[in-house]
1. In Å and from the alpha-carbon atoms only, list the Rg and Dmax of region 94-228.
2. Cα gyration tensor of region 7-197, axes a ≥ b ≥ c as square roots of the eigenvalues: rounded (a/c below 1.5), prolate (a/b > b/c) or oblate?
3. Which percent of the accessible area of the chain is formed by carbon and sulfur heavy atoms (probe 1.4 angstrom)?
4. Each residue of region 242-255 in order: what ³J(HN,Hα) in whole Hz does its phi give by Karplus 6.51 cos²θ - 1.76 cosθ + 1.60, θ = phi - 60°, with x for Gly and Pro?
5. Just tell me which aspartates and glutamates come within less than 15 Å, Cα to Cα, of residue 204; anything on the same chain fewer than 8 places away is out.
6. In the chain, what % of DSSP beta bridges are antiparallel (nearest 5)?
7. Can you return the lysines within cross-link range of residue 67? Criterion is Cα-Cα under 29 Å, with same-chain partners fewer than 8 residues away left out.
8. Quick one: accessible area per residue over region 205-342, 1.4 Å probe, rounded to a whole number of Å²?
Amino acid sequence: MSHILTLGEFIIANQHNFPHAKGELSSLLSAISLAAKVVHREINKAGLIDILGPTGSENIQGEQQQKLDHFANEVFKQAMAARDQICGVASEEEDDIICFEHNRDANYVVLMDPLDGSSNIDVNVSVGTIFSIYRRQTPRGSAVSIEDFLQPGRQQVAAGYVIYGSSTMLVYSTGHGVHGFTFDPSVGEFYLSHGNMSTPKQGKIYSINEGHYQRFPQGIKDYLKYCQSEDASTQRPYSARYIGSLVSDFHRNLLVGGIFLYPSSQAHPQGKLRLLYECNPMAFLIEQAGGKASDGQQPILDLSPQDLHQRVPLIIGSANMVSHVEQLLNRSQSLEKHIEKQA
Ligand code: AHG
Ligand code: MN
Ligand code: MN
């Protein structure tokens, strides 16, 4: 049997792809994999220990914090703080950026959604962690500042996620393909299981919270009707699949092809998902896998973030499907403008 690389071995073998100092990436990713193992252990005991349910407090976005949100946030923060390479973090669960005073000389900042899909945890459905890594903009030696975190997604040096599913996997990219590693709990190691992942240009799955249908823009409604209509030549109708954990919905679609949409709606004009913690890292991965990510008008990775907790509409997945949605959104917007002019 040929030798299967561990995550650590794979990083060392490929560190020439990481354009900066040797060993930096390996340290960053080993911090993430260590925290992921701790969260994996805790999630697998959910139901047996007192880790389910809300903490009773809300995060800055007014969302109920779950005990596991809080736990995962603390575990990842501690793991990051212990590395010489990281000078600060921003998290969906924190109001402000956190500066690691003891690491002012470090080069990198990490942004994270420590527990994605946390409302699913109480019902034993897959959840995840999403991370995004940038080089700082401010000079080394100074405290990190907000501009280190508000960088366009294209400037990410690495991004990835952990999915705590039927198995736990870590998937990441440094801009040289997307690679997936499966955790073997009996050994305590992540092993390379999905090298060089690519996503089909066209899939047969669409993923959206269709309960909000009436509130969606016309272009999205048009696309959903397209997905549902019968046409054997394009293998329609497509199948609807929606878990409600971005990481899980994204992971499935990455592997088999498909599209995930969290569009704007009357209730959420900017959609729901966070640009810095959710959309940018997933957009980085999908482009690396040959897919596309858009806010409906332009690539997610080209947006200039204005605010730490900013939300944006997200349309992500197989390239042809995302382009199709962009066309339908454009067409319906031009039509609306035309009607307004006539009125
Ligand atoms: P989080 O648990 O980090 O707040 O993220 C939840 C997100 C995302 O994982 C998922 O795609 C989306 O919320 C689901 O939202 P709806 O329940 O509105 O469909
Ligand atoms: Mn999330
Ligand atoms: Mn979260």
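The values are calculated or read from the model by the stated rules, or taken from the named source; none is laboratory data. Note that the coordinates shown come from a computational prediction; the quantities given were computed from them, not determined experimentally. Methodologically, a virtual Cβ is constructed for each residue, glycine included, from the backbone with ideal geometry; neighbour enumeration extends over all protein chains shown. These accessible areas exclude ligands, DNA and RNA; they are computed on the full protein's heavy atoms, side chains included. Shrake-Rupley method; radii C 1.70, N 1.55, O 1.52, S 1.80 Å.
1. Taking only Cα atoms of region 94-228, I get Rg and Dmax of 19.0, 56 Å.
2. Working: a/c = 1.95, a/b = 1.17, b/c = 1.67.
Oblate, because a/c is 1.5 or more while a/b does not exceed b/c.
3. Details: 7220 of 14740 Å².
Heavy-atom surface of the chain belonging to carbon and sulfur, 1.4 Å probe: 49 percent.
4. 9, 8, x, 10, 3, 4, 6, 5, 5, 4, 4, 5, 4, 6
5. Excluding near neighbours in sequence, the set is 230, 231, 249.
6. Numbers: 45 of 55 bridges.
So the antiparallel bridges in the chain amount to around 80 percent.
7. Output for residue 67: 37, 45, 77, 272.
8. Numbers: 5920 Å² over 138 residues.
I get 43 Å² per residue for this part.
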